[in-house]
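The values are calculated or read from the model by the stated rules, or taken from the named source; none is laboratory data. Computed from a prediction, not measured in an experiment: that's the story for all the values here. Cβ atoms come from the backbone with ideal geometry, glycine included; neighbour counts cover every protein chain shown. Side chains included, ligands, DNA and RNA excluded: accessible areas come from the protein's heavy atoms. Shrake-Rupley method; radii C 1.70, N 1.55, O 1.52, S 1.80 Å.
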Amino acid sequence: MAQQTLEARVAAMEKEIDRLKAIEAIRKLEHAYSFYLVMWMPDEIMDLFADRDDVTLEWPEGMFFGREGLQKFFGNINPKKDPEFMHQMMHLSDVISIAEDGETGKGRWWGFGAMALPMGEAGVMQALACGIYENDFIKENGTWKLWKIKWVPVYSGTPATGWVKPDRVARPRPQPGEGEISVPEWWDSDLPARGIDYAYPSGYILPFHFKHPITGKETSEVGRNKRVKGV
Amino acid sequence: MAQQTLEARVAAMEKEIDRLKAIEAIRKLEHAYSFYLVMWMPDEIMDLFADRDDVTLEWPEGMFFGREGLQKFFGNINPKKDPEFMHQMMHLSDVISIAEDGETGKGRWWGFGAMALPMGEAGVMQALACGIYENDFIKENGTWKLWKIKWVPVYSGTPATGWVKPDRVARPRPQPGEGEISVPEWWDSDLPARGIDYAYPSGYILPFHFKHPITGKETSEVGRNKRVKGV
Amino acid sequence: MAQQTLEARVAAMEKEIDRLKAIEAIRKLEHAYSFYLVMWMPDEIMDLFADRDDVTLEWPEGMFFGREGLQKFFGNINPKKDPEFMHQMMHLSDVISIAEDGETGKGRWWGFGAMALPMGEAGVMQALACGIYENDFIKENGTWKLWKIKWVPVYSGTPATGWVKPDRVARPRPQPGEGEISVPEWWDSDLPARGIDYAYPSGYILPFHFKHPITGKETSEVGRNKRVKGV
């Protein structure tokens, strides 16, 4: 093969590796943000952002811009570092895209977690909160940084009552009998149910597609599943 | 080093890069599926699948095959786009494996999330649902696509009552005193507990193994942890 | 370009690819651990660790070392494989770092999930549990293995009562009216709220930054969002 061709292959690979590295850099940056949010570490959070006037925080309650906007938002939450404060926003199920020129990127994440927000004399507001992020990233002097955050809530509720409004929650249905499978009326599957009740407390372990990553041996779920009725 | 050898190294790298790209492509595909499921976007979901007769959906309630099977299943859920419907199935903790020939792949994910399923006059059924996916992927004309979905439920329960059957839930135990650590009877650790109560509302921040990803500076948790008793 | 230079580029790429492969290997190893924990598969779990005396498990309740320590800990939990036992610890939001020499690595994860722990005659203890892992990894004979686990709890609570102590839970506030947005007193955003109520049951779908990964077409959320007030 000609030298020229080999060089072209090397150049193509370098570009691909840069894209893969960019994905991992953005993933790490966003997950670091997730961990800095829990107990609120404002300096660390603000240092994740690019140094640009068009840095943007877009919440349903309003928008903040630039370094000063970051300070106005992140600097005003839990300023006394109250240990009863907790803001868990785990970042989950990333979809990350890198621009063709490799200079900017975008990512979508679920945000999900447990909140404990002190409300003065009223006590601590407790909620299970969830929303979606669509964030922008930019490479500044060779380093990937957070550029814009856009967040919309999907639901929030107390652990006990959940997300559906109380007057809309359905009355509990009778539980199906053990091993019974209920299907909706429109259901018209090509093969019927096998009548196996897989769920807790059946003890069923969904077989793994992969052998043990270190020993390379089959794992033990097939033997353990023999006691599950119908398997 | 001989030209031949350099070329062999380039060829080996190209194969490795293809595998890494395949992993990211499958991750993105599956996570897009997760986001299309929430408010049920059936056209987008069906377009994630390969165009093959052996496309398969395997639910405990029955199996569906091919393009027609996809339509029978995905087309019949929330057909009126009721906004009270929500089907959050976050895809989590991926284990992705690419076949040696690079043409097919497999992945395991947790599926976990909040459900709100309108049931006509009865109201909206609300549940925290969880299961495991073992899915297959295939490269079709150079593009990775969903091929087969297999799902089994692990648990599902209302936010208030959880997953253990009510008559089996243990009576609450007395909480340990502040800073007390309780260990089971069989416990025989090589070093004893340090007696630190790390959990909320201690304010403890587990030290980070990584310095700040942008500034490279130490983060501030060590100082903040000084107020936690025993640290 | 000189042959020497091309070889240097190839060597640099090989190092980068090794780092990307190490990240994926560690991710897969840790997520396999997550899936082996659910129904407790002690042999599979112990086989994930390096064969070293300094293998370490660090829990708040005490530490275990080496192969014997693994056996003392993992071998003593759910030894009768009680199907009422469930220990779901999903591993989430990874931050993975590889040492410069490529021989060791570290990772931080959320651990989050549903617990069902049989307590003899008292019944089954049910909890939603969450903590953080900071784990170490080492390459042994070319294979990445778990080396050290450090875990601290962040919160644990019953599904009904959550994580805030009952006597500290805030009294419920009146819900804002439909489409109303409440902001805290200190709030001083650069742009005000647009007054859109995005949350369930609005039916709002946060627009995707990416076109459909297979068809490349725009997805349908813009049309569906037209019914949401203010959009």
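In the range A:201-218, the qualifying residues are those that are out of contact with any Pro (no Cβ under 8 Å at 6 or more places or on another chain) and among the hydroxyl-bearing types (S, T, Y), and the one that is most open to solvent (accessible area, probe 1.4 Å) is A:T215. Consider B:W40 against the criteria (1) over 17 Å from B:W151 (Cα atoms); (2) of a type outside the set (V, I, T); (3) in a strand (DSSP E or B); (4) touching a His at 6+ places or on another chain (Cβ under 8 Å): it satisfies all of them except one. Which criterion is unmet? Looking at each condition in turn, B:W40 falls short on (3). The set of residues from the range A:104-147 being at pLDDT 95 or above and of a type in the set (D, E, K, R) comprises A:K106, A:R108, A:E134, A:D136, A:K139, A:E140, A:K145.
For the range B:45-64, the candidate set comprises residues that are away from chain A (no Cβ under 12 Å) and among the hydrophobic types (A, V, I, L, M, F, W, C); within that set, the residue that is surrounded by the most Cβ atoms within 10 Å (Cβ to Cβ) is B:F49. Could you tell me whether any residue of the range A:116-124 is within 22 Å of B:H91 (Cα to Cα), small (G, A, S) and assigned to a strand (DSSP E or B)? No; the residues of the range A:116-124 include none that is within 22 Å of B:H91 (Cα to Cα), small (G, A, S) and assigned to a strand (DSSP E or B).
Summed over the range C:106-125, the residues that are open to solvent by 40 Å² or more (accessible area, probe 1.4 Å), charged (D, E, K, R) and in contact with a Phe, Trp or Tyr (Cβ under 8 Å, 6 or more places away or on another chain) give a count of 1.
When we screen B:R67, B:R9 for residues that are basic (K, R), within 8 Å of another protein chain (Cβ to nearest Cβ) and over 24 Å from the mean Cα position of the chain (by Cα), the only hit is B:R9. A count restricted to the range A:12-29 and to residues that are open to solvent by 50 Å² or more (accessible area, probe 1.4 Å), more than 8 Å from every other protein chain (Cβ to nearest Cβ) and either at pLDDT below 95 or under 24 Å from the mean Cα position of the chain (by Cα) (or both) stands at 2.
Among the residues of the range B:131-138, are any closer than 26 Å to B:V55 by Cα, aliphatic (A, V, I, L, M) and part of a strand (DSSP E or B)? Yes - at least one qualifying residue is present in the range B:131-138.
If I filter the range C:72-84 for residues that are surrounded by fewer than 16 Cβ atoms within 10 Å (Cβ to Cβ), within 19 Å of A:Y200 (Cβ to Cβ), of a type outside the set (A, V, I, L, M) and within 13 Å of chain A (Cβ to nearest Cβ), do I get at least one hit? Checked against the condition, which is being surrounded by fewer than 16 Cβ atoms within 10 Å (Cβ to Cβ), within 19 Å of A:Y200 (Cβ to Cβ), of a type outside the set (A, V, I, L, M) and within 13 Å of chain A (Cβ to nearest Cβ), the range C:72-84 yields at least one hit. Restricted to the range A:174-196, and to residues there that are at pLDDT below 65 and open to solvent by 80 Å² or more (accessible area, probe 1.4 Å), the residue that is nearest to the other protein chains (Cβ to nearest Cβ) is A:Q175.
Quick check on B:D94: is it closer than 17 Å to B:K148 by Cα, open to solvent by 40 Å² or more (accessible area, probe 1.4 Å) and touching a Gly at 6+ places or on another chain (Cβ under 7 Å)? Judged against the criteria, B:D94 is not a match. Taking the criterion of being modelled with pLDDT under 95 and among the basic types (K, R), the only residue of the range A:148-167 that qualifies is A:K165.
All conditions but one from (1) more than 9 Å from chain B (Cβ to nearest Cβ); (2) surrounded by 22 or more Cβ atoms within 10 Å (Cβ to Cβ); (3) within 28 Å of A:G113 (Cβ to Cβ) apply to C:L128; the one that does not is (1). C:Q88 fulfils the conditions (1) open to solvent by 10 Å² or more (accessible area, probe 1.4 Å); (2) within 11 Å of chain A (Cβ to nearest Cβ); (3) in contact with a helix residue (DSSP H, G or I) (Cβ under 8 Å, 6 or more places away or on another chain) except for a single criterion, (1).
Candidates in the range C:219-231 are the residues that are in contact (Cβ under 8 Å) with a residue 24 or more places away in the chain and among the hydrophobic types (A, V, I, L, M, F, W, C); of these, the one that is surrounded by the most Cβ atoms within 10 Å (Cβ to Cβ) is C:V228. Determine which single condition B:A32 fails, assuming it passes every other condition in (1) open to solvent by 10 Å² or more (accessible area, probe 1.4 Å); (2) assigned to a helix (DSSP H, G or I). Among (1) open to solvent by 10 Å² or more (accessible area, probe 1.4 Å); (2) assigned to a helix (DSSP H, G or I), B:A32 violates only (1).
Can you confirm whether C:G69 is in contact with a strand residue (DSSP E or B) (Cβ under 9 Å, 6 or more places away or on another chain) and open to solvent by less than 40 Å² (accessible area, probe 1.4 Å)? So C:G69 passes the test. Cβ separations smaller than 7 Å between residues 6+ apart or across chains give the following pairs from the range B:110-125 residues that are at the interface with another protein chain (Cβ under 8 Å from one of its Cβ atoms) to residues that are among the hydroxyl-bearing types (S, T, Y) and open to solvent by less than 50 Å² (accessible area, probe 1.4 Å): B:W110/B:S93; B:A114/A:Y155; B:A116/C:Y200.
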